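Notes follow once the structure below has been shown.
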Amino acid sequence: MAAGSNELSRRNEQPDDEDRADALFHALADRTRRDILRRVLVGEHNVSALAAKYDMSFASVQKHVAVLERAGLLTKRRRGREQLASGDVAAVRSVASMLAELEDVWRGRIARIDELLATDPQPHQE
């Protein structure tokens, strides 16, 4: 098991947490999905109106919306024949929290390297 995996497992992450992280980062890995998310975080949007803003088919935009929905980053509701999408701010905060945890891990590693370098009595020269 890699060192980073050990550090993260110490934080008691469950397999479900890992699956959720995979879904979140997969959803955010696409530029169009990030743009859709930005729009729906500002306010509720009709999915058809969202689709009109992109140079792709309605079905393609619907697939992007579905990925964001499965990841929990947006929710959809029906109003008559319309599908309305809105962003989930709490889900976005959970992504920020995951990234903060990873940052803490790396800051700890860098601090440890700095400590090792500071305690090394002589620089190594070849």
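Results for (1) of a type in the set (Gly, Ala, Ser); (2) in contact with a strand residue (DSSP E or B) (Cβ under 9 Å, 6 or more places away or on another chain); (3) loosely packed, with under 13 Cβ neighbours inside 10 Å, shown as yes or no for each residue.
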| residue | (1), (2), (3) |
| --- | --- |
| ARG34 | no, no, no |
| GLU69 | no, yes, no |
| ARG78 | no, yes, yes |
| SER86 | yes, yes, no |
| VAL89 | no, no, yes |
| MET98 | no, no, no |
| ARG112 | no, no, yes |
| LEU117 | no, no, yes |
Cross-chain or 6+ apart pairs with Cβ under 6 Å, the stretch 82-96 first and in a helix (DSSP H, G or I), then at pLDDT 85 or above: ALA91/GLY72; ALA91/LEU73; VAL95/LEU24
What is the residue count in the stretch 44-63 for residues that are over 16 Å from ALA91 (Cβ atoms), touching a residue at least 24 places away in the same chain (Cβ under 8 Å) and of a type outside the set (A, V, I, L, M, F, W, C)? 3
Conditions (1) among the polar types (S, T, N, Q); (2) modelled with pLDDT of 95 or more; (3) closer than 20 Å to ASP19 by Cβ; number of the one not met by SER94: (2)
Candidate set: the stretch 36-65, residues that are among the polar types (S, T, N, Q) and within 21 Å of ARG79 (Cβ to Cβ); chosen: the one surrounded by the most Cβ atoms within 10 Å (Cβ to Cβ): GLN62
ARG78: in a strand (DSSP E or B) and either at pLDDT 95 or above or not aromatic (Phe, Trp, Tyr) (or both), yes or no? yes
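The values are calculated or read from the model by the stated rules, or taken from the named source; none is laboratory data. Please read all numbers here as calculations on a predicted model, not as lab measurements. Reconstructed Cβ throughout: ideal geometry from the backbone, glycine too, with neighbour counts over all protein chains shown.
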